[in-house]
Structure formats: C-alpha cells, structure tokens
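A short worksheet on the structure shown next.
The values are calculated or read from the model by the stated rules, or taken from the named source; none is laboratory data. If you're wondering where the values come from, they're calculated on a predicted model, not measured in any experiment. Cβ coordinates were reconstructed from backbone atoms using ideal geometry, including for glycine residues, and neighbour counts include every protein chain displayed. Ligands, DNA and RNA are stripped out before the accessible areas are found, and what is left, the full protein with its side chains, is counted by its heavy atoms. Shrake-Rupley method; radii C 1.70, N 1.55, O 1.52, S 1.80 Å.
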Amino acid sequence: MVDIAPKFNALLVFIEHRFYGDSMPFGNNSYKSAKTLGYLNSQQALADYAVLIRSLKQNLSSDSSPVVVFGGSYGGMLAAWFRLKYPHIAIGAVASSAPILQFDKITPWSSFYDAVSQDFKDASLNCYKVIKGSWAELDALSTHDDGLIEVSKLFRTCKALHSVYSARDWLWEAFVYTAMVNYPTEANFMMPLPAYPVEEMCKIIDGLPKGASKLSKAFAAASLYYNYTQTEKCFNLEGGTDSHGLHGWDWQACTEMVMPMTCSNESMFPPSSFSYKEFSQDCKNQYGVKPRPHWITTEFGGYRIEQVLKRFGSNMIFSNGMQDPWSRGGVLKNISSSIVALVTQKGAHHVDFRSETKNDPDWLIMQRKQEVAIIEKWLEEYYKDLKQN
C-alpha cells in the first residue's frame, strides 16, 4: 500500500482494531471479564471503521473521495465483509489471504494442516517424513524417568521444562508459521527468516547425518524459525510473552471466530479430531462464555458464496498464495467480472501486501500489477458515475 498510494494520490489510513494495541476501550480493565470483552467482535470493529472513515472524510472536506479497503489474514476477512456491509462507504476491497470460508463445514477441517504438510513435502519428502516421525520420538522420550530433563537438554531450554507439551507446541508453531510466511525473499514478519524458509528448514533436516534422531533434526529445523539471526544462546519454551498480541484473538476464537481444525493421517502432525463440546467447555472455563459456531456464516454468509455474490456484491479482489495454509479457506475462483480471485502457486500469507524488493519474483510483480489495474478500473467507474449524477 505504501508503494502504490502515491500512484493514486491517496491518503493511507491504518485503523487499529478495538482491544488491540493501544485501542483499549476500558483502559487496563479491557480484558477484565466477559462483560468488557463482549465488545470485542468483528461487527463492532467494522462499525468503528465506518464511523472513523465518515468522520475523517468530513474533517478533510473530502466527502466524495472514494475509499478502497485493504486487509490481510483476519484483516482481509474484515475488508471483504466491510465492502459487503458498508458499500456506501467503501467502493472496493482488496482481501489478501482472507479465509472467509474456514467456518462451519464449508472447507474440510483438515485442509489447513494438510496444506502445511504439503509445503514441506514439496520441499523434500524425507523432510516431511522426519517431522512426521518426530512427534512419536518426543512422546517416547518424555516417558523416560528423566524424560523432561532430556527434552530440556535437547531443546537447549533456558529453564527446565515442566511439560513435554511446551516442546511439542514450540515445534508445531515453528512449522506452521514458517509455512505461512514462506516468502520468496528475506523477511521479518513473524520472525527474521531467509527466502523460502520451508526449503531452508528441509535443507537442514536433509543435511544432518542419517544416524541423528528425527527429533533432533526437527529441533534443528525449528531453530531456524526462532534463531535465524544466531543470537539466541538458549530458548524460552515456557512463560513467554504474547509478542504478537494474540491474547485478544483467543477471545474472538472462543466467541465468533470458530474455525474447526483437525489433523488427518496424511498430515505431518499427530492425527487429531475436533470436538465442539470440548472446545466449548474450554472456552467456558477460560472466559465464562460459550462459542457461537454458526454466527459468522449467519452474519456474513459463506455457504454457496459463488451463487450469492454473483447476484450481490462487486469490486472485490481475493488474493491467495497456495503455499499459505490459510488459502484453503479462501475464495480461489472468480465469482463475477468484478469479484475476482488472484491465485499464485508460490505465494504465501498476504505476500502481495509486502513492500516491493529488488528480488521479487516475476509472478509477484505481475500479481501486484493486476491488483493496481483492477483498482484503477474501480476508481474510473466511480468518477464516471459521479459526473453523471
């Protein structure tokens, strides 16, 4: 957006979502209870954006200036929903890596982890097999008398571990996030990482001696995610800070953002199922509330989206990269001439929104050009309509 704004002579506005960053409606008490957190949801956030945009346009005496909304990931969902909900405020939406179909039973529940696994399998079949076999080795090691001490030693932890699940989660997070941010250039989104980090992880695994355990290989690969800069002497696996501010997301996942996920036998993660009953109980224990699993599809739709949006809605770009596991819950086919899907085989999580670099591959340069051309068309049509009125 920073790259293309001058081309459109545009004002860039980044609006902070309520209950994140500094936007705490009840100050330090914002997260105190379900009573205050009840105001944290997507509909309230969209209404905030609508109020702020209208107010800003009035203050700048630019009531007739067109607005295009951009968002990536959850922000992409908000951008798409904003266009549908407030068409009188935004003339178009660019929704990158927006999994608006990850709800109810629209998308297979195993698709996310199947996609992560496919990324690693595409990089190296051996790599995929090593990671797939590492979980059993971790479980077996933890049953030893001094199991946790051994795991702590292998994982070079700063403090002795209290639970083997901390090691499991640490590995899990590294593989999932690396698949998401498998960018074609060096980046520092979740963590500082090299270009195509999944391939780099697999090179580490494939380069280690045959005699090394699968678990030690998985640890070495995951270390790339946590320590690419080589500055960590030891790793904090427990009691870490919420560096990505995901605390608020836990509440949203327990109320409206219910995206069931499972691990199939094809995945490189241990097979798992999803029980709404268990999930609901966990949320009740944590926040005192029960999730509403069908609310998002009731409020914003999702089922038969092609049929629905073909007759209602316009001016939306859904961009997805198939390396990104969230792409499976995204819109991957054109719905109409003005609701288009831009899909790249090698793209990762909202890679199109990243600033351009001299190392960008041709397909990414092309994708951004397509987006600019489509936005130009929206603006052309808007001004043409404005003149006629």
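Data for the structure
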item	result
Modelled label reach - Gln43, point 7 Å along Cα→Cβ, segment 293-308 residues with backbone N closer than 20 Å	293-303
Angle in degrees between helix 276-287 and the longest Cα principal axis of the chain, rounded to the nearest 10	80 degrees
Among 227-233, 71-77, 31-37, 83-89, the order from most to least packed when residues are scored by Cβ within 10 Å on average	71-77, 83-89, 31-37, 227-233
Set of aspartates and glutamates near Lys284 by C-alpha distance (under 18 Å), chain-local residues within fewer than 8 positions excluded	Asp250, Glu256
Peptides 174-185, 348-359 ordered by average Cβ neighbours within 10 Å, highest first	174-185, 348-359
Helix axis angle, 214-227 relative to the chain longest principal axis, alpha carbon, degrees	40 degrees
Segment 187-257: mean projected area of Cα convex hull, nm²	6.7 nm²
Cα pair count fraction exceeding 16 Å, expressed as % - segment 25-100	56 percent
Global geometry of segment 297-357, whether rounded, prolate or oblate, following the gyration tensor of its Cα atoms and the 1.5 cut on a/c	prolate
Per-selection metrics, segment 122-201 (Cα): Rg and Dmax in Å	14.5, 45
Span from the segment 304-357 Cα centroid across to the segment 42-101 one, whole angstrom	17 Å
Segment 252-261 - phi-based ³J(HN,Hα) in whole Hz, Karplus 6.51/-1.76/1.60, Gly and Pro as x	4, 5, 8, 10, 10, 8, 8, 10, x, 9
Å² per residue, accessible surface of segment 21-98 at 1.4 Å	47 Å²
Average accessible surface area per residue within segment 245-351, 1.4 Å rolling probe, Å²	48 Å²
Inter-site label distance for Thr143 and Val51 at 7 Å from Cα along Cβ, in nm	5.7 nm
Size of charge dipole - the chain - debye, nearest 20, with Cβ of Lys, Arg +1 and Asp, Glu -1, no other charges	720 debye
Gain upon complete extension [Asn236, Val13; 0.36 nm per residue less C-alpha separation]	76.6 nm
FRET efficiency estimate (nearest 0.05) - Cβ-Cβ, Ala220 to Arg311, R0 45 angstrom	0.25
Mean separation of Cα contacts under 8 Å (6+ apart) over length of segment 90-216, as relative contact order %	27 percent
Of Lys57/Lys310; Lys132/Lys159; Lys132/Lys233; Lys203/Lys346, those spanning more than 20 Å from alpha-carbon to alpha-carbon	Lys57/Lys310; Lys132/Lys159; Lys132/Lys233
Listed residue pairs exceeding 20 Å between alpha carbons, taken from Lys333/Lys358; Lys85/Lys377; Lys105/Lys277; Lys105/Lys129; Lys121/Lys369	Lys333/Lys358; Lys85/Lys377; Lys105/Lys129; Lys121/Lys369
Carbon + sulfur, % of accessible area of the chain - ligands and nucleic acids excluded, 1.4 Å	52 percent
Calculated diffusion of segment 240-334, Stokes-Einstein form, Kirkwood radius summed over Cα pairs, 20 °C and 1.002 mPa s, µm²/s	132 µm²/s
Diffusion coefficient, µm² s⁻¹, Stokes-Einstein with Kirkwood Rh over alpha-carbon pairs of segment 50-166 at 10 °C and 1.306 mPa s	84 µm²/s
Full-extension gain in nm, Ser61 to Cys158, via 0.36 nm per residue minus C-alpha separation	29.3 nm
Cβ crowding within 10 Å averaged over residues, with 7-15, 321-329 ranked highest first	321-329, 7-15
For the chain, diffusion coefficient by Stokes-Einstein and Kirkwood Rh (Cα), 10 °C, 1.306 mPa s, µm²/s	70 µm²/s
Calculated [θ] (222 nm, deg cm²/dmol) that DSSP helices of n ≥ 4 give over the chain, each run adding -39,500 (n - 2.57)	-14000 deg cm²/dmol
